[in-house]
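The values are calculated or read from the model by the stated rules, or taken from the named source; none is laboratory data. A quick note: this is a predicted structure, and the numbers were derived from the prediction, not measured. Don't worry about glycine lacking a Cβ; one is built from the backbone with ideal geometry, like all the others, and counts go over all protein chains shown.
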Amino acid sequence: MQKGAGKITLLVTFTIFAFMKAAHIFRFISLTVFSAVFFMSCRHDPDSEIIPLFPTKPYVEKDIPFAVADDTSGNPVQLLLDLYFPAKLTARQKFPLVVMMHPGSYLLFNKDGMAEYSQILADSGFIVASINYRLGWRENGGCDGLVNTLEEAEYRGIQDANAALRFLVAHAQQYAIDPDWIFSSGVSAGGAIALNSGFASDTAMIRLKPEIYLKLGGLNNIGNYYLNNVRVSGICSISGAISDSNFIQTSNAIPTICFHGTNDELVPFNTGYFLGCYKVPAFGSLCVYRRLVASHSNCVLYQKTDGPHLPWEYRAEICMPATAVFFHKVMTGNVQSAIYAE
């Protein structure tokens, strides 16, 4: 009886051991198969997008050097920009770029003052580069001094904006920029830079300001050594003006959105002079609108009737959402010219 019981116990023990061994082998095989499947699913495939579990949060990368150029005293200065990024849903996602220029009559302020403008556009799906540009022009006070230095300040601003564009397009892959969609935007003096850098060429500058061209160099070869000349797809100008309306031709017309007060005392709404300096002509938003329509391009003009320079109605929270809509329409080919008077 005891021998029979021992045999039964041994049989049961062997059966349990065999079952456990089989289960261990099954678990090992399952884990191996699962690991292989997981590895294959996570393996980098250049033709597919890797989707993370959660979107990347919007963020800002500050003080990126993009150029070195001489200031008004001939001393080299390093120029910096801040990049505002939207939330990124996929590893390979790219975004249109907006280069943003601050106001200040070519004398004051810097890129930090454009944080609200830049963040609104970033929240609308753009990467925004808020840039510093070289400042300074007055000698002996205002327009009674050497007025040509104001023109030189404006010219340096165009060079610096172009240097930023070249740098950013050269680093498009690094910063997730879509090089097919590049825009520029600016306020007051920054709006003038956006317009002039978008429409002016070396040939036009040699014709208009040959002495400045010879003194300061070309529009696209100062600040860095990147050789890619960039043509923007759209422009936003807030209380800005272009140096010569003849810069705008059918061959280079760019869709533009403008915001301007009709009684602007610093930058003319139509035609006049920048800061009242009689040697520095300025062609404002209404003139830009007419030239673009005549050149078979599109312009949207928001005008504040009797509004001063930088009307409150065209603060960042108002004009930047409208600009984002305009730029998106440029990308989809749905832009139409219009004037909105308030």
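Structure notes:
- Residue match in the stretch 239-253 (condition: of a type outside the set (Phe, Trp, Tyr) and modelled with pLDDT under 95): no
- Qualifying residue in the stretch 237-249 (condition: among the acidic types (Asp, Glu), in the same structural domain as PHE126 (by TED's automatic domain parsing) and crowded, with 18+ Cβ neighbours inside 10 Å): no
- Contacts under 6 angstrom Cβ, first residue in the stretch 230-244 being more than 25 Å from PRO179 (Cα to Cα), partner surrounded by 23 or more Cβ atoms within 10 Å (Cβ to Cβ) and hydroxyl-bearing (Ser, Thr, Tyr), 6 or more apart: SER239/SER188
- Some residue of the stretch 204-215 being in the same structural domain as GLY284 (by TED's automatic domain parsing), among the β-branched types (Val, Ile, Thr) and closer than 27 Å to ALA115 by Cα: no
- Any hit, the stretch 64-87, residues being modelled with pLDDT under 95 and under 25 Å from the mean Cα position of the chain (by Cα): yes
- Meets criteria (in contact (Cβ under 8 Å) with a residue 12 or more places away in the chain, surrounded by 21 or more Cβ atoms within 10 Å (Cβ to Cβ) and part of a strand (DSSP E or B)) for PHE167: no
- Per this entry, ALA122 is not counted among residues that are more than 14 Å from the chain's Cα centre (by Cα), among the aliphatic types (A, V, I, L, M) and either assigned to a helix (DSSP H, G or I) or surrounded by 14 or more Cβ atoms within 10 Å (Cβ to Cβ) (or both).
- Test: residue in the stretch 221-235 that is buried (at least 18 other Cβ atoms within 10 Å of the Cβ), on the phi < 0 side of the Ramachandran plot, of a type outside the set (A, V, I, L, M, F, W, C) and over 22 Å from the mean Cα position of the chain (by Cα): no
- Note on the stretch 303-337: residues that are under 14 Å from PRO96 (Cβ atoms) and of a type in the set (S, T, N, Q) amount to 2.
- Flag for ASP202 being surrounded by fewer than 17 Cβ atoms within 10 Å (Cβ to Cβ) and closer than 30 Å to THR90 by Cα: no
- Any hit, the stretch 199-206, residues being of a type in the set (Val, Ile, Thr), farther than 25 Å from GLY272 by Cβ and modelled with pLDDT of 95 or more: yes
- Whether a residue is assigned to a loop (DSSP other than H, G, I, E, B) and of a type in the set (A, V, I, L, M) was assessed, and VAL232 passes this test.
- Out of VAL280, VAL267, VAL335, VAL330, one residue alone is assigned by TED's automatic domain parsing to the domain that holds ILE254 and out of contact with any helix residue (DSSP H, G or I) (no Cβ under 8 Å at 6 or more places or on another chain). It is VAL330.
- Residue list for the stretch 80-111, filter: in contact (Cβ under 8 Å) with a residue 12 or more places away in the chain and either of a type in the set (Phe, Trp, Tyr) or touching an Asp or Glu at 6+ places or on another chain (Cβ under 6 Å) (or both): LEU80, LEU83, TYR84, PHE85, THR90, ARG92, LYS94, PHE95, PRO96, TYR106, LYS111
- In the stretch 192-229, residue nearest to PRO308 (Cα to Cα) [restricted to those that are part of a helix (DSSP H, G or I) and of a type in the set (Gly, Ala, Ser)]: ALA192
- Options GLU139, GLU152, GLU116: the member that is assigned by TED's automatic domain parsing to the domain that holds CYS277 and at pLDDT 95 or above: GLU116
- The one condition in (1) touching a Lys or Arg at 6+ places or on another chain (Cβ under 9 Å); (2) of a type outside the set (Val, Ile, Thr); (3) on the phi > 0 side of the Ramachandran plot that SER130 fails to fulfil: (3)
- Taking the criterion of being within 25 Å of THR90 (Cβ to Cβ) and assigned to a strand (DSSP E or B), the residues of the stretch 170-191 that qualify are ILE177, ASP178, PRO179, ASP180, TRP181, ILE182, PHE183.
- Residue within the stretch 66-87 that is surrounded by fewer than 18 Cβ atoms within 10 Å (Cβ to Cβ), assigned to a loop (DSSP other than H, G, I, E, B), in contact with a strand residue (DSSP E or B) (Cβ under 7 Å, 6 or more places away or on another chain) and aliphatic (A, V, I, L, M) present: yes
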